[in-house]
Structure formats: C-alpha cells, structure tokens
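Remarks on the structure that follows.
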2 protein chains.
Amino acid sequence: MTIELSCPVPISNHETVQMAHGAGGRLSQDLMRRIFMPHLHNIFLDLLDDQAKLELPHGRVAFTTDTYVVSPIFFPGGTIGELAVNGTVNDLAAGGAIPKYLSAGFVLEEGFSLPELDRVVASMAGAARKAGVQIVTGDTKVVEKGQCDKVFINTSGIGVVREGVAVSCRNLQPGDAVILSGNVGDHGMAIMTSREGLSFQSRISSDCAALNGMIADVLDAVPSIHAMRDPTRGGVAATLNELALASSVGIAIDEAAIPVRPDVRGACELLGIDPMHVANEGKLVVVVQASEAEKVLEAMHSSEHGRDAVRIGSVVRDHPGMVIMRTVFGTRRIVDLPLGEQLPRIC
Amino acid sequence: MTIELSCPVPISNHETVQMAHGAGGRLSQDLMRRIFMPHLHNIFLDLLDDQAKLELPHGRVAFTTDTYVVSPIFFPGGTIGELAVNGTVNDLAAGGAIPKYLSAGFVLEEGFSLPELDRVVASMAGAARKAGVQIVTGDTKVVEKGQCDKVFINTSGIGVVREGVAVSCRNLQPGDAVILSGNVGDHGMAIMTSREGLSFQSRISSDCAALNGMIADVLDAVPSIHAMRDPTRGGVAATLNELALASSVGIAIDEAAIPVRPDVRGACELLGIDPMHVANEGKLVVVVQASEAEKVLEAMHSSEHGRDAVRIGSVVRDHPGMVIMRTVFGTRRIVDLPLGEQLPRIC
Ligand SMILES: Nc1ncnc2c1ncn2[C@@H]1O[C@H](COP(=O)(O)OP(=O)(O)OP(=O)(O)O)[C@@H](O)[C@H]1O
Ligand SMILES: Nc1ncnc2c1ncn2[C@@H]1O[C@H](COP(=O)(O)OP(=O)(O)OP(=O)(O)O)[C@@H](O)[C@H]1O
Ligand SMILES: [Mg+2]
Ligand SMILES: [Mg+2]
Ligand SMILES: [Mg+2]
Ligand SMILES: [Mg+2]
Ligand SMILES: [Mg+2]
Ligand SMILES: [Mg+2]
C-alpha cells in the first residue's frame, strides 16, 4: 500500500480561543502542546491517557471538588488558577489529609485571550509546585462567545488521610477553644475593590494561599484537633454556624478578638457588609480542647500563613446550633449565615 | 446569657436559581436540602464535610475529570446529568479501572429553572445507581444571567485499577485486531438533530451509557487487552489516530465494516460531516491480539451495549501514526483528526 503523506499542516497561531480548541481534534492537541503541557507536565499528565493511574500510600483517601468562577480572573494577590489550586488543597488539608493529586477541568469562552490563558495556567502550575501537589489529569471544553465568562476552572483533589487524625465538624465539645489563623475578609474585599467602579485608598490583597504546610505543623503539634475548616464562601460566620449545627453545640465569640485589617474594615463599612460574612482563601478555623490551644497557636505563629492567629472564642453548651458574638459595645448578637448574595463571583 | 430566638425564617420557594443559591449562606443550604441531597444522598455526601473520606481496596487508583457543557441539556436518549456520570465512568473503565466514586461540580446560571435542575440531578442519580458508583462530594456555583448557559457540570472520578490489567494507548502491536462495540455517531447526531432548525424523519437517540459492566465482561474474558478507549469528541477517527500515534503503528480499517445507522448516515451526509468524526457516548474501541478477537466479540455481543460489536480493522507496521481506511469504493484514504469545529457543545 503506498500513501502520499502530506506535510504536517502548520497550525495557525491563534491569539484567542477558537471553538475548535474544544473539539477533540487538531486544535485541541495544539492547545495542549502550546499551553497546558509546557506548564503542567509531569509523569502522569504526559501519558495523555483518559485517566491518571496513581500509587497512593496505604490509608483512607480524601476526595473533594470545587469549581472557580471568580471575576476578575486576575486580582490583587492571585489569579483564578492559583485560587483553583489552593482552594482544593485547603479543602483536603482541612479534612486532615495530605493533598497529593489534582484534576483540572477548563471551560473556555470562544475569543478568550490565549496569552491570558497562558498566564492562568502558569500561575496554577506555580501554585501546585508551592503546595507540593501534581495536576495529573485534565479536560478542556470551549463554549460560544457569551456562553461563559472567559474561563471557569474545576479542580478536584485526592489526598491521603493522616493516620491518627479524626477531624470532623461533628466533634466540637463544650469548653473547646475556637482559633482563627488570621485577618478575616481579605480575599472577598480584594475582589470587590478590584472590580470596576470601586476604589479605596489602599490596595487590598487576597489572602489566597495553600495551607497544607501550616496544617501539617498544627497536626504534628496537636494530633487531637477536633475540627478544622477553611472559611471560604459565607465567611467565618458560615463556617462557625456549620460547625455549631453539625455538633449541636453553641459557639461564643468575642468581636474584639477578631482580626480585621483596617482597610478591609473600612471597605466593609462603606459597602454595608459584615466582615464575618466575607470569603477568605487562606484562613483556617480550628477547634481544639482548650488545654491544647496554646500549642496550636504556637504552631500557627511560626507559619507564614498563621502569624496573626488568635483565639476568638469557645464552644459552649448554651444555644446549640447558634453562634453568639459579644460585640465591642458589650452587647450580644447572633452571628447568622449571610441570607442574600452580597458578593457574587468571589471564588 | 439569654437570647431571643427568632423563628426560623421560611425560605421563599424560588422557582429559579438565585445568585444567593451560590453564596454559601442560607439559600445554598436550601438548595442542597431541596434538590441535591434528596437525589444524591449517601453515607459520604450526607456528612457534608469539605471532602469525602473513602475506603479503597488496595491497588492503584485511577483518576479522571470531564466538564459537560452539552446543549440542549435534555436530548433524545439522555440529559447532561446522565452524560456527566456515564462519560466519567467510561473514562475510568476504559483505563481498566473499576469506577467507584464521583464528584459533581455545578455551575448554574442565575434564572435557570429549578424544576429543570431537579430533573438533571434526578437523572444523574439514576445513572450513578445504574453504573454502581456514588457521588460523594460536590460544589455549586452560580453566575449571573448570561454568564453561563443554564448548567455546566464537572464530574471527576476515582476507580481502582484491576489487577493484571495493563491497557495503554502505547500497547498496540502490528497484527492486533481493532474492535468497535457498535454504531458510530449516534450521540453527536442526536444532539445535532435535536437542536432548533434541524429535523429529520426519525428521531436519532444518543447512545449515552455506562460501559463499565460490558468492559468488566470483556476483561474477564480476555485480561490481556492491549488498549481500550471511548471514542467521544473527535469520534472514532480521533481515537484511532491517538492510538496509532501513541504506539507508533499504523491502523488500517475497512469502511464497509463500520456500523452506522441509516438515519445517522443520512444526517451526516446532509450536514457534510464524516460519521467517523462524530462523538459517541456509549461506544468502545478495543485493540487486542488477533487470536483473542473472537472472545472479545463474544463478550461484547452478550452485553446490552455491545450487541453490534464488530472488528473494523487491524494494526499494521506501515504508515506509523496514521489511520488508513479502505473505502467502499475500494480506494484508500487517510482518516484524519477533524481539523475544525463541526459540532460545538456536543458533550
Ligand atoms: N486543560 C488540560 N490540562 C491538562 N491536561 C489536559 C487538559 N485537557 C485535556 N487534558 C488531557 O488530555 C488528554 C485527553 O483529554 P480529553 O478530554 O480529550 O479526553 P477524554 O476525556 O477521554 O475525552 P472527552 O473529554 O471528549 O470525553 C487526557 O490525558 C487529559 O488528561
Ligand atoms: N451540587 C452538590 N451536590 C452534592 N453535594 C454538594 C453540592 N454542592 C455542595 N455539596 C456539598 O456540600 C458541602 C459544602 O460544600 P461547599 O462547596 O459549600 O464547601 P467548600 O468547598 O468547603 O466551600 P467553597 O466552595 O466556598 O470553597 C460539601 O460537603 C459538598 O460536598
Ligand atoms: Mg472549597
Ligand atoms: Mg472548605
Ligand atoms: Mg475530557
Ligand atoms: Mg471523557
Ligand atoms: Mg475518553
Ligand atoms: Mg465547594
């Protein structure tokens, strides 16, 4: 059989996403070769199989997922790509697992800038390296112009649950200390103030960061931690309410103890938003037996991401399922879940 | 401390997705309770932790991801939800793994009908039950009206690699038989013909199905299978090209052997599309030592999804990296990757 081989067709150097980049044909392969593989490549991804085959150390496996639709995709302190890596790393780590492998599913808008996509993917790769995880499998879909906003990214993550650690939102005990790793509201207010039409004196920067290093230090110091959670959407208020509800206990916190940067507080006041309701992307709430609280704080303080860690309150037997704050005026008020939507597209 | 408890606020019965359904507050919880949990609940999801903790039998773990953006979301033969479950199940099974656990990440458009979302989630739950997998963790984001199209769903999946099975797209050997489990092009043409403005005499139905049962039967019969792949985007043409390229072999196929339903062939002709380029969602390409081909076909024929399985060609030493078809006219032509985008939003 003789076949005339045509020269390999040179793929035109598109500057923007084309519908065909999502069609599974030549332009799909071109996008993989030009943008995804150069940044993300590793021994698993390079095989380009329909699935990655992983060796996991023996133990229970933790599995989590989040889709990121943040707008704008570049903001002070981070990008949608870094957020997508760090958010999923944090959900694994907060569950007492060692984050190992991530998937990355992209939805791209036709016409989206390829140089901007390159920046997003580069920042993902950097975040993954920093967090010590590998992106081992991916997917790329393209939708028509106007059918999504630039780029949405889903990351799902696999980790190995640490032996001897059994954190759970159902473990809170009256008397436990409630610890917060730092200032609240930075991420949400960085997004808000970076959107058009809003400008503040100072540039508020997102706290977007991977917390698995700090969490490992905390668990090494105190393996008996009762509960951990990263207070993302809904802010610290939502996290405390979820914990109180799941454990059927009350939580009493002290407004004066809650660290809020002055510029974040100012922005929140201007917008009429409670900083306790604002999303964070590099913060941790830890609940631990009171006698171990100092050790947890010590471990946090020696980490880059826990320098401002502080005890903000206690678990109480009263008002089960509710969070009550002693205000700076000495009154008490219920810290409720945010009811409406103040901050769309924050993560 | 005395606290006045207000009655729990009744959440208004929205008929459409609100921005606040994605804010992590009360309406988010309401959506979980009203739609996601009733359909999807299981012992893992019910815990509502930031991550699911899974016991996996010892062995290598397979991990895959896909985002589904198909339009329309309800089509003859399936829904976006069934597609999202079956597609990810098939990517795991085609890698020789037993699919176990799925994640589900939703992006919802503000204003999307909640009864339609309920139908989508119900169909996902049904597909998961049928395939024997559990959806163990999820995420829900909402974007403003016009910033996505109704609903996009990412599913990532975890499976356990079967002992003694080592399928890989790099394993093809000259002389191997190339087997296809049934008719090509049904899914893509079902989507096309269900879109506005296109109508054909008969209603073409998607082949959307979970293949893990059939694949288990095939691997039980012939554990030494060289390669398996589900020919989704880019169709059978893209899959064969990927296999030929990865193994540096040629593939020779016989047009007369390739099963295409007459109505699908008619639709393809009308639209000027090669059925080999059209996506399938319930088909499998298997490459196996020629002496085992009959056993594979037998196993497929006794399965609901492989009744029309047929050998379509062979792996050859000639023209490495290329797929050549002997046409019904006796000529030979290159079966290339689709270059452009003929069928947007097909999966
Ligand atoms: N954005 C991405 N980043 C990293 N890897 C990717 C990306 N998109 C695709 N891949 C990798 O490319 C290969 C082919 O992916 P593709 O999505 O085409 O396969 P598939 O899921 O089997 O097909 P389909 O998506 O049509 O169901 C896989 O190995 C996948 O991990
Ligand atoms: N659509 C869904 N289907 C099934 N479970 C879901 C869905 N959406 C969320 N969940 C579950 O609800 C719980 C809370 O999810 P949520 O996304 O609010 O947590 P998170 O990922 O920690 O927060 P964020 O998304 O703000 O980072 C988790 O247990 C998650 O698995
Ligand atoms: Mg999260
Ligand atoms: Mg979380
Ligand atoms: Mg894919
Ligand atoms: Mg797939
Ligand atoms: Mg596949
Ligand atoms: Mg989430």
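Of all residues in segment A:112-157, those satisfying the criterion of being within 16 Å of ligand 8 (Cβ to nearest atom) and β-branched (Val, Ile, Thr) are A:153, A:155. Selection of segment B:84-102 for residues being within 16 Å of ligand 2 (Cβ to nearest atom) and assigned to a helix (DSSP H, G or I) yields B:84, B:85, B:88. Could you please give the count of residues in segment B:79-102 that are in contact with an Asp or Glu (Cβ under 8 Å, 6 or more places away or on another chain) and closer than 16 Å to residue B:152 by Cα? Final tally of qualifying residues: 5. Restricting A:97, A:131, A:84 to those that are closer than 25 Å to residue A:283 by Cβ, away from ligand 5 (no atom under 16 Å from the Cβ) and in contact with a helix residue (DSSP H, G or I) (Cβ under 6 Å, 6 or more places away or on another chain) reduces the list to A:131.
Condition first: assigned to a helix (DSSP H, G or I), surrounded by 24 or more Cβ atoms within 10 Å (Cβ to Cβ) and β-branched (Val, Ile, Thr). Now tell me which residues in segment A:14-38 satisfy that. Those that are assigned to a helix (DSSP H, G or I), surrounded by 24 or more Cβ atoms within 10 Å (Cβ to Cβ) and β-branched (Val, Ile, Thr): none in segment A:14-38. Quick one: would you say residue B:59 is within 16 Å of ligand 3 (Cβ to nearest atom), surrounded by 15 or more Cβ atoms within 10 Å (Cβ to Cβ) and either modelled with pLDDT of 90 or more or not β-branched (Val, Ile, Thr) (or both)? Considered against the rule, which asks whether it is within 16 Å of ligand 3 (Cβ to nearest atom), surrounded by 15 or more Cβ atoms within 10 Å (Cβ to Cβ) and either modelled with pLDDT of 90 or more or not β-branched (Val, Ile, Thr) (or both), residue B:59 comes out as no.
Residues that are within 21 Å of residue A:24 (Cα to Cα), more than 16 Å from ligand 4 (Cβ to nearest atom) and more than 12 Å from every other protein chain (Cβ to nearest Cβ) number at least 1 in the following strands (runs of 3 or more DSSP E) confined to segment B:128-195: B:177-180. Which of the residues belonging to segment B:209-235 are among the aliphatic types (A, V, I, L, M), within 14 Å of another protein chain (Cβ to nearest Cβ) and outside any loop (DSSP other than H, G, I, E, B)? Matches in segment B:209-235: B:215, B:227, B:228. Find the residue count for segment B:232-241, including only residues that are farther than 16 Å from residue B:340 by Cα and modelled with pLDDT under 95. Total satisfying the criteria: 0.
On inspection, residue A:56 does not qualify as assigned to a helix (DSSP H, G or I), in contact (Cβ under 8 Å) with a residue 40 or more places away in the chain and within 11 Å of chain B (Cβ to nearest Cβ). Within segment A:47-67, if we keep just the residues that are of a type outside the set (S, T, N, Q) and within 9 Å of ligand 1 (Cβ to nearest atom), the residue that is farthest from residue B:152 (Cα to Cα) turns out to be A:47. Please tell me if residue A:165 is modelled with pLDDT of 95 or more and in contact with a helix residue (DSSP H, G or I) (Cβ under 8 Å, 6 or more places away or on another chain). No.
The values are calculated or read from the model by the stated rules, or taken from the named source; none is laboratory data. In this text, all values refer to a predicted model and were calculated from it rather than measured experimentally. Glycine also receives a Cβ, built like all others from the backbone with ideal geometry; neighbour counts cover every protein chain displayed.
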